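Notes to accompany the following structure.
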Amino acid sequence: ITYASLQSSSVHYFKLHSFEKSVDGIAVVVNQTYWSVLTLCKMARHKRKLILHFDVNETILVEDEAGGETFTECLNKILCKNAFVLDNTIDKVTGERGAPTHWADGTPIDGHSPPPPLDDVWHWPSGTRPYYTVDKRHAKQFTEPGYPGEVYRFMYDKMEEALRWPQPRNIEEVDKRLCHDGKHHFLLPAFFHTISKLREQGRIFSIVIRTFGTDASHVADALEAYAEGKHLPELSSVDEMRSIKDAQWRGSYDEDGNFYVTSAHDANRVIREEEKVVEILQGNNETIHAVACTDDYDWWHSHSYTPSAGKPLWITKSELEDSHPIFFDDNILNNTKKSIVALRVRKDEKESFKALNPQQTLEHYGRHIFRVPTFKPILNQNWFLEKIEEAEQNICMDVE
């Protein structure tokens, strides 16, 4: 069974003569019967642990304390990153790009003509690119009056409304760990919705917070409040999220490029053996787990933002039937020179992890890594769950 042979239909079936076959770890006996491959995948994945790595800024948080960006500025920046323009302003002499003049569908950027929808594509349509990659000068004010993206102000308003905390009769009832400004959710509701739904589905999972910023402790506080039942009543709490309070680490690269972690609570507790680092961050396959890691921005920056110097994600191919690591980050790019996740892969536990090159890393998109177009999970609380579903189907289809 291969993905290529099945991808032509949204519901996939196969017909085989009587024999026993292991599909994604489940032995099935087929006797000239049509089976739904996706049904078998769903049966198998419920025994598989999900290891979900979440970046913070512009992935589950709409502000950037470390970068000095406000809630309003981040919303504008999100829109600037997902509004596509025609890539037709290159100066023939200097080779430099000028300010965009038309949106991706040819509509002029004139402040009043209706623009095309925002785009969340992984592969940029030919001849187009996000406004942000051409001109970042106005990103933080993108939809303000007189700025290039003011025609997208209606999207700004929709996102701002979606992030408002429902106003209680008494504002003191709102837990400050979940609503810092007294008006908006500190972390995206979709993030907590994902955790609640996975628990309701009976899934085993780890939540691994990965940040270059200074916000890990604030995220841990929010998860603790959620575990205490302090979030909105429609979000069922998951008590195991309390574990993050004592499970906060600082990740670093040594001069030889080896990644290690130091406890945020005890500077003398340093873990250098990679196998143990993976165990600390990803947990075992039997329990729900939450942990935070502040990653090594300086190393990534000093290595020109190359993917292999970014935030590590570990994959052991022989264990994919038992655990499935997935990384969500707004800065995962379809680019071999600049991206943020460093995939480290091995065949089985007898081998050492080896870093993938940038092109190999891109080949894992849709299975282990996803770029987060932040407007999507702001407006669709099921977005992370849908991507998890997509990743699990793709992994299942890879089994031959």
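The values are calculated or read from the model by the stated rules, or taken from the named source; none is laboratory data. Quick caveat, the model's predicted, so the values are computed rather than measured. All Cβ positions, even for glycine, are placed from backbone atoms using ideal geometry, and neighbour counts span all protein chains on display. Ligands, DNA and RNA are stripped out before the accessible areas are found, and what is left, the full protein with its side chains, is counted by its heavy atoms. Shrake-Rupley method; radii C 1.70, N 1.55, O 1.52, S 1.80 Å.
Annotations for the structure displayed:
- Flag for L333 being buried (at least 17 other Cβ atoms within 10 Å of the Cβ) and assigned to a loop (DSSP other than H, G, I, E, B): yes
- Listed by first and then second residue, the pairs linking a residue in the stretch 254-274 that is closer than 19 Å to L356 by Cα and touching a residue at least 12 places away in the same chain (Cβ under 8 Å) to a residue that is among the basic types (K, R) and surrounded by fewer than 17 Cβ atoms within 10 Å (Cβ to Cβ), with Cβ atoms under 6 Å apart and 6 or more places separating them unless they lie on different chains, are Y260/R272.
- The residue that is nearest to the chain's Cα centre (by Cα), among those in the stretch 303-321 that are in a helix (DSSP H, G or I) and touching a residue at least 40 places away in the same chain (Cβ under 8 Å), is P307.
- The set of residues in the stretch 133-165 being open to solvent by 50 Å² or more (accessible area, probe 1.4 Å), assigned to a helix (DSSP H, G or I) and farther than 30 Å from K176 by Cα consists of T133, E150.
- Any hit, the stretch 104-113, residues being over 30 Å from H184 (Cα atoms), surrounded by 19 or more Cβ atoms within 10 Å (Cβ to Cβ) and hydrophobic (A, V, I, L, M, F, W, C): yes
- Of all residues making up the stretch 70-88, the number that are acidic (D, E) and at pLDDT 95 or above: 1
- If the condition is being outside any loop (DSSP other than H, G, I, E, B) and touching a strand residue (DSSP E or B) at 6+ places or on another chain (Cβ under 8 Å), then the stretch 108-132 contributes P108, T128, R129, P130, Y131.
- Taken as a whole, the structure leaves S339 outside the set of residues that are among the hydroxyl-bearing types (S, T, Y) and open to solvent by 20 Å² or more (accessible area, probe 1.4 Å).
- Scanning the stretch 123-132 for residues that are among the aromatic types (F, W, Y) and crowded, with 18+ Cβ neighbours inside 10 Å yields Y131, Y132.
- Of the residues making up the stretch 363-377, those that are within 22 Å of S323 (Cβ to Cβ) and either among the acidic types (D, E) or open to solvent by 30 Å² or more (accessible area, probe 1.4 Å) (or both) are E363, H364, Y365, R367.
- Strands (runs of 3 or more DSSP E) lying entirely in the stretch 197-277 (those with 3 or more residues that are surrounded by fewer than 18 Cβ atoms within 10 Å (Cβ to Cβ) and not acidic (D, E)): none
This table checks each residue for (1) out of contact with any Phe, Trp or Tyr (no Cβ under 7 Å at 6 or more places or on another chain); (2) among the polar types (S, T, N, Q); (3) at negative phi.
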residue: A267; (1), (2), (3): yes, no, yes
residue: I271; (1), (2), (3): no, no, yes
residue: E279; (1), (2), (3): yes, no, yes
residue: N285; (1), (2), (3): yes, yes, yes
residue: A290; (1), (2), (3): yes, no, yes
residue: W299; (1), (2), (3): no, no, yes
residue: S308; (1), (2), (3): yes, yes, yes
residue: I315; (1), (2), (3): yes, no, yes
residue: E319; (1), (2), (3): yes, no, yes
